[in-house]
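One structure is given here, and the rest of the page talks about it.
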There are 2 protein chains.
Amino acid sequence: MKHFLLILLLLHLNFTNAQNNLVKYVKPIIGTEKMGHTYPGATVPFGAVQLSPDTDTISYELNGKYNGDVYKYCAGYKYEDKTIVGFSHTHLSGTGHADLGDFLIMPTQGKLQLNPGTASNPKNGYRSAFSHSNETAEAGYYKVKLDDDNILAEMTATTRVGMHQYTFPKSDESHIIFDLIAGIYNYEEKNVWTYVRVINDTLVTGYRQTNGWARTRTVYFAMSFSKPFHSYGQKNYDEKQPYRGFWRKFDETKNFPEIAGKKICMHFDFKTEEGEKIKIKLALSSVSHDNALQNMQAEIKDWDFEKVKTNAQQLWNTELNKIKINASEDTKVNFYTALYHTFINPTVYTDVNGQYKGLDQNTHIADGFINYSTFSLWDTYRALHPLFNIIQPARNNDMVKSMMAHYDQSALHMLPIWSHYANDNWCMSGYHSVSVIADAIIKGVYNGNANEALDACVTTANHRNYEGIGYYMDLGYIPAEKSGISVSNTLEYAYDDWCIAQLAKKLNRQEVYETFIKRAANWENNFNAATGFMQPKLADGTFKSNFDVLSTHGQGFIEGNSWNYSFFVPHNPTKLIEKMGGKNKFSTRLDTLFSMHLPDSFFAETEDITREGIIGGYVHGNEPAHHVAYFYNWTNQPWKTQYQVRKIMEMQYKPTPDGLGGNDDCGQMSAWYIFSSLGFYPVAPGSNEYAIGSPLVNNAVLTLENGRTFTVEVINQTDSNVYVQKVLLNGKPLPTLFINYNDIVGGNKLTFFMGAKPKK
Amino acid sequence: MKHFLLILLLLHLNFTNAQNNLVKYVKPIIGTEKMGHTYPGATVPFGAVQLSPDTDTISYELNGKYNGDVYKYCAGYKYEDKTIVGFSHTHLSGTGHADLGDFLIMPTQGKLQLNPGTASNPKNGYRSAFSHSNETAEAGYYKVKLDDDNILAEMTATTRVGMHQYTFPKSDESHIIFDLIAGIYNYEEKNVWTYVRVINDTLVTGYRQTNGWARTRTVYFAMSFSKPFHSYGQKNYDEKQPYRGFWRKFDETKNFPEIAGKKICMHFDFKTEEGEKIKIKLALSSVSHDNALQNMQAEIKDWDFEKVKTNAQQLWNTELNKIKINASEDTKVNFYTALYHTFINPTVYTDVNGQYKGLDQNTHIADGFINYSTFSLWDTYRALHPLFNIIQPARNNDMVKSMMAHYDQSALHMLPIWSHYANDNWCMSGYHSVSVIADAIIKGVYNGNANEALDACVTTANHRNYEGIGYYMDLGYIPAEKSGISVSNTLEYAYDDWCIAQLAKKLNRQEVYETFIKRAANWENNFNAATGFMQPKLADGTFKSNFDVLSTHGQGFIEGNSWNYSFFVPHNPTKLIEKMGGKNKFSTRLDTLFSMHLPDSFFAETEDITREGIIGGYVHGNEPAHHVAYFYNWTNQPWKTQYQVRKIMEMQYKPTPDGLGGNDDCGQMSAWYIFSSLGFYPVAPGSNEYAIGSPLVNNAVLTLENGRTFTVEVINQTDSNVYVQKVLLNGKPLPTLFINYNDIVGGNKLTFFMGAKPKK
């Protein structure tokens, strides 16, 4: 039934001719330089395969010491690099932590080299020089000429299959290198195990098991070649194999089809004519070789590279057309590239037959939903999932179901923190699944059992052993002695608890509501009225001395100092304003944040962002203050929100490789941009409310899944007309600078009138 | 349907009251001292679980150097040792290579120790002293008092579940140590990965993945405790975990339920009253946690240890009653212990739901058969599988099906050489699957597709890249330059090819017959007429110089020198006798073999056997000459067979811990004893013929699966009446000193008349 619906959906999409060609505005190269941590390769919307060039496969250790470069290679590709090591099938988009890079493929010619070489000595390995002038990165398609051997590399993808097309010069010695050691953020012990089975001269299956950011991760593959290889082989870099001495009955380095070990680099050999194309399909599965093969057979039936590419771009176009905008060309590039980046994560984590590996390491069937992985929830609860509730509600429904499946499979009985290929890497603070779940249920997007979802939220929030929750429950805050990020956690728990309370209210679970609405005020416990800042508090109830309002580390915060985090009460700005001395003082304080001069020492310790990712003391490149520019709406100076958000859009998002001021963070930075471009933002997911900002587009039409459209019209839009003069909803003036969810999904029209001066 | 039949079978067995108590004659302790390499623990017939004490968990490396002791611990237990490390669930029986020892459990009290300690400093670890006076080893049951903490340990098993019962003294600090690092023949990199999930306070699941003799092996477990543990924890000995730094949100050492790593030792903590019993069920699966749990639930439903023990011993009794003998008490002990050892391997390798992990690492369903693993075919094709064709034909049918499934899953398209938990460890020479398959089909035991089986044999025998087969096919022998075991292989291939020819003849596959009957004569190419010995031949067709007829290594042989291997033409003794100068010269040569004096240098280089495992130059402790004592039957002096086989039975099999003169080799040594005790032996499996020897029993009744019985009656049996005077089949004199398969399974009676002097 599910498949039938999918076919209907595809048919429907094919006959929807009113689509604009929006793929042309997507520039995946944006964010690949400096701090964006995006990748330029080929993927389809929410695809399980992200087939992309890696410009280095970085080891955690360099001469036995920590190698800081691992951080640069979160997405495998750095625009600044001069060589490409190869093309691998899994990549994180915009994260501040590195992993993945599975199944690296590289075409070469001539003498076999079974090591990647180094950036400083590239000729010593199979890597190749390339130049950006010979490189094309599009949504669903990537192309580059590999200069060393003059090989043209092209790639595209379906949801679960990567397709390669390599155009070779004539040679008796053409090779496809298949490096099973390569991976992003490698370290000596990361490759736990590799298994490869050469079934015939075009079909290879296997798996790779890693102990990385996802601690226990196995990815199966099935790989098919368009042309039979005439020979193949491997180099096994494993050091010790005491069992493999005497009974080695074969020469396992050549044409031996049952390969296993920890450090294996394979090659497949061909004779090629001038301009001959060798194509490869590589399918992934979390479950089995058989499933990988099924995925391949279901998604790419033949060897028509152009058809797969066209389909991939059609899928993108369909998704991008959900928001049609009128804007300058640069804004269109920024907007659709941002929209592209919001539609990359979370990633599909079910096979075509519905199976997936669960957190309990068992094989499960996703019954009636698509299971997703790659939940960077500390980032994405803020704007990405709220965006999905508007423009991708069916997927967000499935994402919540995926979180609930994770919970059901958790021996810890916890919702995901940062879930990642059947693992939780526990990254960052809070328990923000509850925000995503509450928001989806409150907005009517989740069709599962809402009470069970609330129970999961409550159980997670009451897990006393987790990251100070016990102290938080007992004292109302986490003592600074007990946690290095005590303040961030208390503030974020308080917001999350407010989300739980909102959900409980909706479900008439009064007792839960009362418990959690009380906990939602716990942020007050870290507020020092004497200084007006959020500060770490000791177990004895006093504030920790030697407090530095500009520092993050050692002050109880993570990815944000007290200047930014002190505004982290998205669910109760009114009370925060009161605590901070009223609306005028609060406005002034926001002004200071956006204009202050930071000392150099600040930049030395701040992660994930460029110096350009900061406006005054406001750090847009990290997430904790993403809502702060909208806080002026609660003061008497809402036009400052309008000014600041336009400034942030202008400064932090540019249509260039270095155009992102910080990690895109699985689409959160991009989702902020999409919302802000449209003129509103969800300050507190879990509420129905969006704060009005200053739209960047001239107009926008959102095609909703309920069949309605939501239109944003902007009158007098110019670069300098950043101030909103008035806003009409269906022709009637908005009474406040807020709209709600129903105003959007009800199929309405929002009209902004802009001007060069603040409307006071 | 299968299950229904099983139930019928069980009912049938339960109502067969004519069973003798034969379990009392089984002494699993036999062979645990010196070279037998058997284990004393609890298993059921062909059980997947072998729950047995390990007296050391031996590392391949000792201070960075090869540790020769690994060889001693093939079965985990050495009778000579003073301490027990713990009780693990998988063991090889009688092999000359070490592996397994999964999921080691040890009860302790007092201060936690999470390392095993050493034999020389046992108090430094959790191991305990024990003494044989407090030890009981029975078929299906093992008991020992652990002296250090005065804990009584008892264990029994079903096919797929081990059951433990530990009787503790009173203490607030009683522990069950669960060591996932421990294993037999460990080395630094052997533990590939471990995963454990603590589901609740009595249920734990997980898996262990090793790179051992079985290169790619994963075993899943489900473990249940009869009493809830009040706390648990782990020590993770992994050195490097760069991903596990900052985001460690829990204290993972205590009560943390999702554990993964390479080197993990766990503990479960209890308060116990004086004499309190804690019981544990641990089920295995090759497929999944769920399957392990299913296996547990299907096989042991409650906590009645005595019932499980009784069932296990009933299963043994049923199997042992298939051969009822009348003999001296010592002979009964030797005989039934040997029969016990023949019914240990191969081991069941399907879950109760029929699933198993295949050689291709995929999950398969064994459709209509039980899949078996642990095929030590170089050993067991000789007498073990031929014994099964008489007394376990249904199982041998399934074993051939298991070999065919292995073949179907092999990317190499080869039948198993030494198959082992979804791996082939390629141990030893020849391709003796073909002997087992041919023998089973020729004797009507295999009900699968015989032509497909022949095709598999032919494909395997034509695998040119395997161990010199290409040379063998081209030249008729393997040049000594190309293989260290060129002569052994050529001789064994020739015999195996003869088996293929016999099978082809039966199936009227004339072309195959002709090819392989020609190959069956290839042994002649290594026969040097000038010396009368099998010798290594060079590529140029000349024999290699510096030949030493007594040496094994460097002479082209394995586990046997030329003196023994020169007789390895089991399929054509007539031609061999002719080549060796006729019957009289041949007899004299056999006399010399059994009486020669060996230099000390011989013992220094000969593996797997004690000095007592040798009679003259005849090495019974290794297999290549197992048929040789029966060769006198082809000369004019058959009484010398009778003399020698009685002597071998007397010298090589004793009812003591050191009673086996060599490795039991998965039951081959024992199967030789069973056949010889009954008075006949299959010299060339693949033929219908058995050579008459000299029975050791007074009489024997074999209850066959076809409902018939085969009776061996021995008149005038004494220790000195070793010579056969006449033999009657159903009362009629045998025309030759041979009987055939139908004489046995037709339901007949064989009567031996014995005397103190040879009947010439």
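The values are calculated or read from the model by the stated rules, or taken from the named source; none is laboratory data. Being a predicted model, the structure only gives us computed values, none of them experimental. Note that each Cβ is placed from the backbone with ideal geometry, even for glycine, and that neighbours are counted across all protein chains shown. Note: areas computed on protein heavy atoms with side chains; ligands, DNA, RNA excluded. Shrake-Rupley method; radii C 1.70, N 1.55, O 1.52, S 1.80 Å.
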Task: Estimated inter-spin distance, B:SER231 and B:LYS760, nm [label 7 Å along Cα→Cβ] - done: 8.4 nm
- [ ] Any lysines with Cα under 21 Å of the B:LYS575 Cα? List them, leaving off those in the same chain fewer than 8 positions away.
- [x] B:LYS505, B:LYS518, B:LYS537, B:LYS583, B:LYS585, B:LYS640
Task: Label-zone membership for region B:390-406, site B:ALA18, 7 angstrom Cα→C-beta point, backbone N under 20 Å - done: B:390-393
Open item on the list: Treating only the Cβ of Lys, Arg, Asp and Glu as charged (+1, +1, -1, -1), what charge dipole size does the protein assembly as shown show about its Cα centre? Round to the nearest 20 debye.
Closed with: 1540 debye
- [ ] Any chance you could check the Cα centroid distance between region B:295-332 and region B:360-416 for me, in angstrom?
- [x] 24 Å
Task: Cα shape, chain B, gyration tensor, a/c 1.5 rule - done: prolate
Open item on the list: Averaged across A:207-214, how many Cβ atoms of other chains sit within 10 Å of each residue's Cβ atom?
Closed with: 3
TODO: Could you work out the mean count of beta carbons from other protein chains within 10 Å of each residue's beta carbon in B:60-67?
DONE: 1
Task: A:LYS145 accessible area, assembled protein chains, probe 1.4 Å, Å² - done: 60 Å²
TODO: Set the Förster radius R0 to 41 Å, insert the Cβ-Cβ distance between A:MET473 and A:ASN124 as r into 1/(1 + (r/R0)^6), and round the FRET efficiency to 0.05.
DONE: 0.10
Task: region B:637-744, relative contact order in percent, only Cα pairs under 8 angstrom and at least six apart counted - done: 24 percent
TODO: Provide the packing ranking of B:697-704, B:401-408, A:273-280, A:404-411, i.e. peptides ordered by the mean count of other C-beta atoms within 10 Å per residue, highest first.
DONE: B:401-408, A:404-411, B:697-704, A:273-280
Task: Positive-end extreme of charge dipole, region A:712-760 - chosen from A:VAL727, A:ASN742, A:VAL712 (charges on Cβ) - done: A:VAL727
- [ ] Rounding to the nearest 20 debye, state how big the charge dipole of chain B is about its Cα centre with +1 on each Lys and Arg Cβ and -1 on each Asp and Glu Cβ.
- [x] 1340 debye
- [ ] Output the relative contact order of chain B, whole-number percent, from Cα pairs under 8 angstrom with separation of 6+ residues.
- [x] 12 percent
Task: Label spacing, shortest first and in nm, from A:GLY746 to its equivalents in the remaining copies (7 angstrom along Cα→Cβ) - done: 9.8
Task: Relative contact order of region A:87-169, defined on C-alpha pairs under 8 angstrom at six or more residues apart (%) - done: 17 percent
- [ ] Indicate the gyration tensor shape class of region A:644-760 (rounded, prolate or oblate), computed on the Cα atoms with a ≥ b ≥ c the square roots of the eigenvalues: a/c under 1.5 is rounded; otherwise a/b larger than b/c is prolate and the rest oblate.
- [x] oblate
Task: Estimated buried accessible area (total), pair B and A, 1.4 Å, Å² to nearest 100 - done: 5700 Å²
Task: Förster radius 22 Å - calculated FRET efficiency between A:ASP367 and A:GLN297, Cβ distance, rounded to 0.05 - done: 0.45
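Between rounded, prolate and oblate, where does region A:136-182 land on the alpha carbon gyration tensor, with a ≥ b ≥ c its root eigenvalues, rounded for a/c under 1.5, else prolate if a/b exceeds b/c?
Since a/c reaches 1.5 but b/c is at least a/b, the shape of region A:136-182 is classed as oblate.
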Open item on the list: Please compare each pair in A:LYS301/B:LYS401; B:LYS72/B:LYS647; A:LYS190/B:LYS357; B:LYS357/B:LYS401; A:LYS262/B:LYS401; A:LYS271/A:LYS307 to a cut-off of 23 Å on the Cα-Cα distance and tell me which ones are over it.
Closed with: A:LYS301/B:LYS401; B:LYS72/B:LYS647; A:LYS190/B:LYS357; A:LYS262/B:LYS401; A:LYS271/A:LYS307
TODO: Taking the Cα centre of region A:579-656 as origin, work out the dipole magnitude from +1 charges on Lys and Arg Cβ and -1 charges on Asp and Glu Cβ, in debye rounded to 20.
DONE: 540 debye
Task: Shielding by other protein chains, B:358-368, mean Cβ within 10 Å - done: 3
- [ ] Please give the calculated 222 nm ellipticity per residue for chain B, where each DSSP H segment of at least 4 residues contributes -39500 (n - 2.57) and the sum is spread over every residue; nearest 500 deg cm²/dmol?
- [x] -8000 deg cm²/dmol
